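Notes to accompany the following structure.
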Amino acid sequence: MRRALMVLAAVLVGVLAAPTATAERPMVVSGGGTGTFAADLDGDGDVDGSHFGLGVVFNAGAPRGHFECLMAGNADILGLPLMAVEGKVTGGSANAVSGTATVTGLATVNLGSDGAFRGVLYEVRLWAGGPGAGQLQLTVIGAFDGVPGDTIPGNGNYDLPVETVATGQIRIH
Ligand SMILES: [Ca+2]
Ligand SMILES: [Ca+2]
């Protein structure tokens, strides 16, 4: 009897789990490359952009992953030798049909020799695609409001404009 119940329980678990596994198939948002703002945001004579990379798995709705945006070297901004936003992804949503996603989390904003800010809330909106098609838009929440490149001065956030993928790609699948 006990054995029969265990078999029944196993069958029930299998029946219940199967459709759930299909409906909750993990969605992956991934990508990397370089992006361009197609504008000189800080007025230093060169068009600005960034190096970016991300990998996020949405499993049963809870995203886990990592995001990084680096402005340095050939993508410097604000006269800083380095500005890197890197953090875990702990929130957001993704839609493979529309090819869009939003990810949020806490980042470390590293300004190189000018120091680093930890635990900074950020949000990234993403549109899937390769060069000229994919896009991303980073907002650093509660910091750097009003510095060059901020599209909405006065709201407390650093609202960077939309950046278009120049090399690499963003995938949402
Ligand atoms: Ca520039
Ligand atoms: Ca702002």
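The values are calculated or read from the model by the stated rules, or taken from the named source; none is laboratory data. Keep in mind that this is a model prediction, so the values were computed, not measured. In this analysis, Cβ positions are derived from the backbone assuming ideal geometry, glycine residues included, and neighbour counts consider all displayed protein chains.
Before moving on, here are some points about what is shown:
- Filter result (surrounded by fewer than 20 Cβ atoms within 10 Å (Cβ to Cβ) and assigned to a strand (DSSP E or B)) within the stretch 52-65: 53, 55, 57, 59, 62, 64, 65
- Close pairs from the stretch 33-46: first under 24 Å from residue 129 (Cα atoms) and in a loop (DSSP other than H, G, I, E, B), partner away from ligand 1 (no atom under 11 Å from the Cβ) and of a type outside the set (Asp, Glu), Cβ under 6 Å, at least 6 apart: 37/161
- Within the span defined as the stretch 128-138, one or more residues are surrounded by 21 or more Cβ atoms within 10 Å (Cβ to Cβ) and part of a strand (DSSP E or B).
- Test: residue in the stretch 152-159 that is of a type in the set (Ser, Thr, Tyr), within 16 Å of ligand 1 (Cβ to nearest atom) and buried (at least 18 other Cβ atoms within 10 Å of the Cβ): yes
- Once the stretch 118-151 is narrowed to residues that are out of contact with any Gly (no Cβ under 9 Å at 6 or more places or on another chain) and under 16 Å from residue 29 (Cβ atoms), the residue that is nearest to ligand 1 (Cβ to nearest atom) is 138.
- Residue tally, condition within 11 Å of ligand 1 (Cβ to nearest atom) and closer than 21 Å to residue 152 by Cα, over the stretch 38-75: 10
- Residue in the stretch 66-78 that is nearest to the chain's Cα centre (by Cα), counting only those that are surrounded by fewer than 19 Cβ atoms within 10 Å (Cβ to Cβ) and of a type in the set (Gly, Ala, Ser): 72
- On the stretch given as the stretch 79-109, residues that are in contact with a Leu (Cβ under 8 Å, 6 or more places away or on another chain), in a loop (DSSP other than H, G, I, E, B) and either at pLDDT below 95 or surrounded by 15 or more Cβ atoms within 10 Å (Cβ to Cβ) (or both) total 0.
- Residue in the stretch 152-159 that is of a type outside the set (Val, Ile, Thr), within 16 Å of ligand 2 (Cβ to nearest atom), closer than 22 Å to residue 44 by Cα and in contact (Cβ under 8 Å) with a residue 24 or more places away in the chain present: no
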